[in-house]
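Peer 1: Quick one: the structure is below, and I'll ask about it shortly.
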Amino acid sequence: MGVLATAERASAARPVPPLRRGPLAAAVLLVCGLALLPFLVLTGFAVRDAGASRLWLGAEGLEQLANTLALVLAVGLIGALLGTANGWLTACCQFPGRRWLRLAQVLPLAAPAFVLAAVLVDLGSRWGFRVHGIGWAVPLLSLTTYSYVFLLSTESFSGSGQRQLEACRSLGVGPWGSFRRVALPLALPSIGAGVALSGMEVVNELGAVELLGVPTLSRGILQRWQGEGDLRGAVGLALIALVLVSLLVGAERWMRHRSRRWTLGQEGAGAQQWELGGWRRLLAQLLTLLPPLASLGIPLSWLVVSRDHLQSDPPEDLLALTLRSLGLALAAALLTVAAALLLAISRRWLSHPLLGRLTFFAGMGYAVPGTVLALALMLIGGPLQLSPLLLLVWGYGDRFMAVSKQGLDAAFEHIPPSLDECATSLGCGWLAVLRRIHLPLLRGPVLVGGLLVFVDVVKELPLTFSLRPFDFDTLSVRVFQYASDERVGAALVPALLILALGLAASVALMPSLERQGKGG
Amino acid sequence: MPSSSLPLRRVWLPAAGSAALGAALLAFFGSGTQPAIGQSQDSRPAIAEAGTTIGVYSGRHYNTDKELYRQFTAKTGIKVNLLEAKDDALIERLKSEGKNSPADVLVLVDAARLDAATDQGVFQPSRSAALQRDVPANLRDSQGRWYGLTRRVRAVVVNPKLVNPTTIGTYADLAKPALKGKLCLRERKSPYNQSLVASQMILHGEATTRTWIRGMVANVSQPFFTSDTPLARAVARGECGVGVVNTYYVARMLSAEASAQDRQLAEQLKVIYVNPSHVNISGAGVTRHARNPQAAIKLIEFLASPTGGRGYAAANNEYPLKGFGDNPILKRFGTFKADGVSVEQIGSRSKAATLMMESNGWK
């Protein structure tokens with residue numbers, strides 16, 4: 001088992017197998033086209049009879065921009081620290097409760113930020129403390145987004161780096177040294193991908209910042225549309241925000257590009273975990289327990305203090321809502337992961353620079369406010385008479401492509417091109433390389449990507465709200481209707497069902513990550 | 001890699017299974033009631049009659065509305081397909097669907113949104129003797145494109161321990177220096193506040209309204225609130241002396257659905273109907289490309305009628321179009337004198353009102 005680590009540096013020598021890639025290129029172009037079409041439509045919409053003055057931010061706009069940047073940076077930093085720490089602790093250390101705490105790390109992601117904000121504002125106004133402003137928004141959004149970093153980094157810690165860690169052990173390097181000198185550098189692409197996702201989520205977040213009264217760019221965009229009736233100006237601003245986020249993510253990629261490390265993962269030995277004791281054990285337990293406890297505890301504490309006026313929809317209604325959410329999320333997760341996999345592969349196999357840029361932008365839909373993306377899909381779907389459900393799944397795919405693609409891209413960075421070269425020299429086509437080499441190595445990121453998309457779709461609101469067909473409420477729609485009407489009591493049961501679906505998905509998928517970590 | 005097929009199967013078999021399950025769930029729970037966006041549901045006859053179906057897009061999302069639609073179906077045999085979403089998104093959806101839209105009726109909340117929808121041409125004019133009779137002239141569009149259904153009043157709430165209720169008789173009193181540090185307001189973004197300011201612009205002119213806004217902003221003690229209920233609670237707890245809210249939020253705090261704590265808090269509040277009071281509405285119109293305008297107008301007539309309207313208003317502790325209704329909680333607040341400003345006019349001034357609020361410090 002103890003094969004030595006191959007954390008190697010290499011220049012970007014791509015394999016150049018002389019194979020037919022026509023079908024792959026066509027499929028990639030199709031997916032990119034579907035992903036980018038809404039943005040092309042939006043651009044056309046925004047520039048029609050537009051003047052430059054529409055994009056002038058003004059004093060309020062600058063404040064919104066500053067707030068957005070502050071939120072992105074603070075949430076990204078906290079998310080990176082907490083997500084990486086918990087990813088490492090639950091993947092490579094051993095302490096009582098570790099397995100359960102690892103599963104529970106998905107809970108905060110499943111909790112819609114606006115629900116937590118609504119509950120906190122409500123509790124605060126009853127007990128006499130004001131829940132308001134960026135000081136509340138930073139911890140709240142950190143809580144609901146750190147799981148991106150956690151899931152992507154823990155997958156990296158438990159999968160690809162195991163043998164390197166084993167080597168560390170045999171050379172007498174302790175847990176901290178192993179983490180700092182080997183595991184962390186190997187996990188950096190995943191951590192970067194997670195932080196990028198949290199940044200995009202923060203940029204498009206609307207419900208929570210509205211309730212907390214934080215003026216952000218996403219609110220400015222909606223204000224343009226709904227307050228001033230300037231829809232084209234709003235779309236213009238949204239596109240500018242998209243470009244800014246693309247630049248940030250692109251810069252992060254570029255900086256990392258120079259320190260690329262490959263590893264032959266997968267066959268790591270089991271029982272690699274360091275036993276924690278004393279205060280270290282306690283600290284590990286606290287760090288991994290507090291975030292899920294908070295995301296579950298906030299709604300539950302509301303439940304406890306408001307037992308006397310909790311209202312609930314009839315059970316058959318709740319069942320229908322749950323099944324609709326489940327159905328949408330399953331369909332969307334599968335389609336999105338398949339599309340993201342296709343794009344991630346194409347970056348490796350079709351080294352055309354234009355195609356590379358196309359696939360990069362195809363994964364940026366997450367940075368656009370959902371309401372604006374919904375508008376784009378209406379502009380496409382209305383004239384073409386597309387079915388609302390089809391539009392909705394298209395929207396999910398476009399919006400959450402980033403969520404599955406970021407992790408896959410990061411994982412591909414681990415697989416050395418020499419593997420592909422070997423396979424092709426033995427006569428494999430790209431499809432065979434994909435099936436026999438990439439997919440087995442990418443099993444973890446594929447599962448994590450699917451889980452992330454699933455959880456995100458279950459709590460997704462703006463697309464579902466504006467694109468769904470008649471009489472087709474989902475859990476998140478119902479939660480929002482009650483919460484926006486300031487009826488927290490009625491919103492709570494469907495909100496807890498959203499959490500339950502997220503936890504169920506986590507329980508279903510995490511064990512297979514665990515198996516992978518143990519060399520299954 | 002001979003062993004590679006094992007993990008493959010482990011991933012892709014469950015994946016295929018879950019896809020099939022997802023599709024099955026969608027087919028089962030998604031089918032039946034929804035036509036494609038823009039697709040006609042079935043060839044409906046031009047005359048409203050039992051057995052037909054109409055599509056309703058609604059910006060109101062009170063679960064209790066559905067009971068009213070059920071009553072309408074029971075009474076007329078006309079089935080109602082419902083889609084509730086945000087007002088602005090509904091307007092855009094109608095526009096993008098154009099003549100293929102499955103919606104016959106659009107229900108919106110607030111004067112400004114009704115005005116925006118009218119401007120963008122998503123309504124068609126309709127005439128109805130019943131609506132002329134049941135909806136007061138200032139609560140409907142002059143060309144019959146929309147009709148008011150319920151009334152909500154923007155009232156002042158006072159904590160009598162901090163502010164003497166008798167000192168406040170008009171909205172203008174909120175700008176008095178005596179209230180410095182005691183006034184709490186909701187954000188500019190709230191359409192209820194935008195319409196309030198628009199109505200003051202119509203009644204008192206721009207200069208007076210600007211001075212009034214500045215006076216109020218100078219009195220504000222806390223960051224602007226993002227919703228009405230926490231604002232009402234802050235007044236009740238004495239964190240603010242006086243605030244401006246829609247009365248149905250206070251009524252809900254007093255109702256049986258509220259917690260004991262909320263009832264206790266609301267008891268501390270004195271609701272003042274200033275003279276005259278600003279009245280906002282929720283309203284509905286027949287969509288421009290309605291396939292079944294006769295059935296659509298029947299629904300609007302039902303919702304505006306004294307019987308149907310009472311239910312629509314009572315569901316959310318709002319006032320019916322005429323009189324003060326028989327809601328025992330609202331009766332506690334007494335009666336109000338409406339300012340009589342035309343809602344159509346308020347809508348057309350709301351953008352100007354928003355800009356005035358922005359340039360005078362209303363966050």
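Peer 1: Could you tell me whether region A:272-290 includes any residue that is among the aromatic types (Phe, Trp, Tyr), touching a strand residue (DSSP E or B) at 6+ places or on another chain (Cβ under 8 Å) and modelled with pLDDT under 90? Reasoning before the result, please.
Peer 2: The first filter runs over region A:272-290 and keeps only residues among the aromatic types (Phe, Trp, Tyr), leaving A:274, A:279.
Then keep just the ones that are touching a strand residue (DSSP E or B) at 6+ places or on another chain (Cβ under 8 Å); that gives A:274.
Then drop every residue that is not modelled with pLDDT under 90, which leaves A:274.
Yes, there is a match, as at least one residue in region A:272-290 is among the aromatic types (Phe, Trp, Tyr), touching a strand residue (DSSP E or B) at 6+ places or on another chain (Cβ under 8 Å) and modelled with pLDDT under 90.
Peer 1: Something else now. Using beta carbons and a limit of 6 Å, which pairs, at least six apart or on different chains, have the first residue in region A:462-486 and surrounded by fewer than 21 Cβ atoms within 10 Å (Cβ to Cβ) and the second one in a helix (DSSP H, G or I)?
Peer 2: So the pair list comes out as A:Glu486/B:Thr229.
Peer 1: Which one is surrounded by the fewest Cβ atoms within 10 Å (Cβ to Cβ) among residues in region A:407-432 that are of a type in the set (A, V, I, L, M, F, W, C) and either in contact with a Leu (Cβ under 6 Å, 6 or more places away or on another chain) or closer than 14 Å to A:Leu342 by Cβ (or both)?
Peer 2: Filtering region A:407-432 for residues of a type in the set (A, V, I, L, M, F, W, C) gives A:408, A:410-412, A:415, A:419, A:422-423, A:426, A:428, A:430-432.
Now drop any that are not either in contact with a Leu (Cβ under 6 Å, 6 or more places away or on another chain) or closer than 14 Å to A:Leu342 by Cβ (or both), which leaves A:408, A:411-412, A:415, A:430-431.
Values: A:Leu408: 25, A:Ala411: 28, A:Phe412: 19, A:Ile415: 20, A:Trp430: 23, A:Leu431: 13.
Among residues in region A:407-432 that are of a type in the set (A, V, I, L, M, F, W, C) and either in contact with a Leu (Cβ under 6 Å, 6 or more places away or on another chain) or closer than 14 Å to A:Leu342 by Cβ (or both), the one surrounded by the fewest Cβ atoms within 10 Å (Cβ to Cβ) is A:Leu431.
Peer 1: Look at region A:445-466 and say how many of its residues are facing chain B (nearest Cβ under 8 Å) and more than 25 Å from A:Gln311 (Cα to Cα).
Peer 2: So the answer is 4.
Peer 1: So which residues in region B:292-315 are buried (at least 24 other Cβ atoms within 10 Å of the Cβ) and not in a helix (DSSP H, G or I)?
Peer 2: B:Asn292
Peer 1: Please state which one of A:Ala70, A:Ala110, A:Ala85 is under 29 Å from A:Leu165 (Cα atoms) and at pLDDT 85 or above.
Peer 2: Only one candidate qualifies: A:Ala85.
Peer 1: How many residues does region B:226-248 hold that are part of a loop (DSSP other than H, G, I, E, B), facing another protein chain (nearest Cβ under 10 Å) and more than 25 Å from A:Ile134 (Cβ to Cβ)?
Peer 2: So the first thing to find is which residues in region B:226-248 are part of a loop (DSSP other than H, G, I, E, B), and the list is B:226-227, B:237-241.
Narrowing the set further to residues that are facing another protein chain (nearest Cβ under 10 Å) leaves B:226-227, B:237-239.
The next check asks that each one be more than 25 Å from A:Ile134 (Cβ to Cβ); those that pass are B:238.
Qualifying residue count for the region: 1.
Peer 1: Just give me the residues in region A:374-395 being under 21 Å from A:Gly449 (Cα atoms), within 12 Å of another protein chain (Cβ to nearest Cβ) and crowded, with 24+ Cβ neighbours inside 10 Å, in sequence order.
Peer 2: Listed by number, the list holds a single entry, A:Leu392.
Peer 1: Here is a further query. Can you name every residue in region B:86-100 that is at the interface with chain A (Cβ under 8 Å from one of its Cβ atoms) and over 17 Å from B:Tyr62 (Cα atoms)?
Peer 2: Listed by number, the residues that qualify are B:Asp88, B:Ala89, B:Glu92, B:Arg93, B:Lys95, B:Ser96, B:Glu97, B:Gly98, B:Asn100.
Peer 1: With the condition kept exactly as written, say whether any residue in region A:137-160 is modelled with pLDDT of 90 or more and more than 18 Å from the chain's Cα centre (by Cα).
Peer 2: yes
Peer 1: Determine whether region B:156-168 contains at least one residue that is polar (S, T, N, Q) and either in the same structural domain as B:Ser305 (by TED's automatic domain parsing) or within 24 Å of the chain's Cα centre (by Cα) (or both).
Peer 2: From region B:156-168, those polar (S, T, N, Q) are B:159, B:164, B:166-167; that's our starting set.
With the extra rule that they be either in the same structural domain as B:Ser305 (by TED's automatic domain parsing) or within 24 Å of the chain's Cα centre (by Cα) (or both), the set shrinks to none.
No, because not a single residue in region B:156-168 is polar (S, T, N, Q) and either in the same structural domain as B:Ser305 (by TED's automatic domain parsing) or within 24 Å of the chain's Cα centre (by Cα) (or both).
Peer 1: I would also like to ask the following. List pairs: first residue in region A:221-232 and within 9 Å of chain B (Cβ to nearest Cβ), second residue not in a helix (DSSP H, G or I) anywhere in the structure, Cβ distance under 7 angstrom, at least six positions apart or on different chains.
Peer 2: Taking only residues 6 or more apart or on different chains, the pairs are A:Leu222/A:Leu206; A:Gln223/B:Lys189; A:Gly227/B:Lys189.
Peer 1: Still on this model: Of the residues B:Gly347, B:Gly323, B:Gly308, only one is more than 14 Å from every other protein chain (Cβ to nearest Cβ), touching a residue at least 60 places away in the same chain (Cβ under 8 Å) and of a type outside the set (Val, Ile, Thr); which?
Peer 2: Details: B:Gly347 fails: more than 14 Å from every other protein chain (Cβ to nearest Cβ); B:Gly323 fails: touching a residue at least 60 places away in the same chain (Cβ under 8 Å).
Exactly one of B:Gly347, B:Gly323, B:Gly308 is more than 14 Å from every other protein chain (Cβ to nearest Cβ), touching a residue at least 60 places away in the same chain (Cβ under 8 Å) and of a type outside the set (Val, Ile, Thr), namely B:Gly308.
Peer 1: While we're on this one: Select from region B:63-85 the residues that are modelled with pLDDT under 90, surrounded by fewer than 21 Cβ atoms within 10 Å (Cβ to Cβ) and at the interface with another protein chain (Cβ under 10 Å from one of its Cβ atoms) and list them in ascending order.
Peer 2: B:Asn63, B:Lys66
Peer 1: Condition first: outside any helix (DSSP H, G or I) and either exposed (fewer than 15 other Cβ atoms within 10 Å of the Cβ) or β-branched (Val, Ile, Thr) (or both). Now tell me which residues in region A:311-341 satisfy that. If you could, list the steps in order and put the result at the bottom.
Peer 2: Step one: of region A:311-341, the residues outside any helix (DSSP H, G or I) are A:311-314.
Selection gives A:Gln311, A:Ser312, A:Pro314.
Peer 1: Evaluate region A:237-248: report whether one residue or more is within 14 Å of chain B (Cβ to nearest Cβ), surrounded by fewer than 23 Cβ atoms within 10 Å (Cβ to Cβ) and at negative phi.
Peer 2: no
Peer 1: Also, I was wondering about something else. Only one residue in B:Gly98, B:Gly51, B:Gly121 is in a helix (DSSP H, G or I) and either outside the structural domain of B:Pro306 (by TED's automatic domain parsing) or out of contact with any Leu (no Cβ under 9 Å at 6 or more places or on another chain) (or both), so which one is that?
Peer 2: Values: B:Gly51 fails: in a helix (DSSP H, G or I); B:Gly121 fails: in a helix (DSSP H, G or I).
Every option except B:Gly98 fails the conditions.
Peer 1: Being part of a helix (DSSP H, G or I) and more than 21 Å from A:Thr144 (Cα to Cα) is the filter here, so list the residues in region A:73-98 that pass it. Spell out the reasoning first.
Peer 2: Quick first cut of region A:73-98, residues part of a helix (DSSP H, G or I) only: A:73-92, A:98.
Across region A:73-98, the qualifying residue is only A:Cys92.
Peer 1: Here is a follow-up. With B:Ala172, B:Ala207 as the choices, which residue is of a type in the set (A, V, I, L, M) and free of Cβ contacts under 8 Å to residues at least 40 places away in the same chain? Break it down into steps so the answer makes sense when it comes.
Peer 2: On the way: B:Ala172 fails: free of Cβ contacts under 8 Å to residues at least 40 places away in the same chain.
Result: B:Ala207 is the single residue among B:Ala172, B:Ala207 that is of a type in the set (A, V, I, L, M) and free of Cβ contacts under 8 Å to residues at least 40 places away in the same chain.
Peer 1: Does region B:209-223 contain at least one residue that is within 22 Å of the chain's Cα centre (by Cα) and within 11 Å of chain A (Cβ to nearest Cβ)?
Peer 2: The initial filter retains those residues of region B:209-223 that are within 22 Å of the chain's Cα centre (by Cα), namely none.
The answer is no; no qualifying residue exists.
Peer 1: Conditions: (1) over 28 Å from A:Leu386 (Cβ atoms); (2) touching a strand residue (DSSP E or B) at 6+ places or on another chain (Cβ under 9 Å); (3) not acidic (Asp, Glu). B:Asn63 meets all but one. Number of the miss?
Peer 2: So B:Asn63 meets the others, but not (2).
Peer 1: Surrounded by fewer than 18 Cβ atoms within 10 Å (Cβ to Cβ) and either more than 14 Å from chain A (Cβ to nearest Cβ) or in contact (Cβ under 8 Å) with a residue 24 or more places away in the chain (or both): does that describe B:Gly144?
Peer 2: Working: surrounded by fewer than 18 Cβ atoms within 10 Å (Cβ to Cβ): no; either more than 14 Å from chain A (Cβ to nearest Cβ) or in contact (Cβ under 8 Å) with a residue 24 or more places away in the chain (or both): yes.
Answer is no for this residue.
Peer 1: Can you work out which of the residues in region B:161-212 that are in a loop (DSSP other than H, G, I, E, B) and among the basic types (Lys, Arg) is surrounded by the fewest Cβ atoms within 10 Å (Cβ to Cβ)? Steps first, please.
Peer 2: Quick first cut of region B:161-212, residues in a loop (DSSP other than H, G, I, E, B) only: B:161-164, B:168-170, B:176, B:180-182, B:185, B:187-190, B:205.
Those still in the list that are among the basic types (Lys, Arg) too: B:161, B:176, B:180, B:182, B:188-189.
Working: B:Lys161: 9, B:Lys176: 14, B:Lys180: 12, B:Lys182: 21, B:Arg188: 22, B:Lys189: 21.
By that ranking, first place goes to B:Lys161.
Peer 1: Now, a different point. Just name the residue that is nearest to A:Ala85 (Cα to Cα) out of those in region A:301-310 that are assigned to a helix (DSSP H, G or I) and in contact (Cβ under 8 Å) with a residue 40 or more places away in the chain.
Peer 2: We begin by selecting, within region A:301-310, every residue assigned to a helix (DSSP H, G or I); these are A:301-305, A:307-309.
In the following step, the residues that additionally are in contact (Cβ under 8 Å) with a residue 40 or more places away in the chain were identified as A:301-303, A:305, A:309.
Values: A:Ser301: 27, A:Trp302: 29, A:Leu303: 31, A:Val305: 33, A:His309: 40 Å.
So, considering only residues that are assigned to a helix (DSSP H, G or I) and in contact (Cβ under 8 Å) with a residue 40 or more places away in the chain, the one nearest to A:Ala85 (Cα to Cα) is A:Ser301.
Peer 1: When you scan region B:266-280, do you find a residue that is more than 20 Å from B:Val158 (Cα to Cα), at pLDDT below 95 and either within 14 Å of chain A (Cβ to nearest Cβ) or assigned to a strand (DSSP E or B) (or both), even just one? Let's see the steps before the verdict.
Peer 2: Initial filter on region B:266-280 (more than 20 Å from B:Val158 (Cα to Cα)): B:280.
Filter once more, keeping what is at pLDDT below 95: B:280.
Next cut, either within 14 Å of chain A (Cβ to nearest Cβ) or assigned to a strand (DSSP E or B) (or both) only: B:280.
Yes: region B:266-280 contains one or more residues that are more than 20 Å from B:Val158 (Cα to Cα), at pLDDT below 95 and either within 14 Å of chain A (Cβ to nearest Cβ) or assigned to a strand (DSSP E or B) (or both).
The values are calculated or read from the model by the stated rules, or taken from the named source; none is laboratory data. Only a predicted model underlies this, so the values are computations on that prediction, with no experimental measurement involved. Cβ coordinates were reconstructed from backbone atoms using ideal geometry, including for glycine residues, and neighbour counts include every protein chain displayed.
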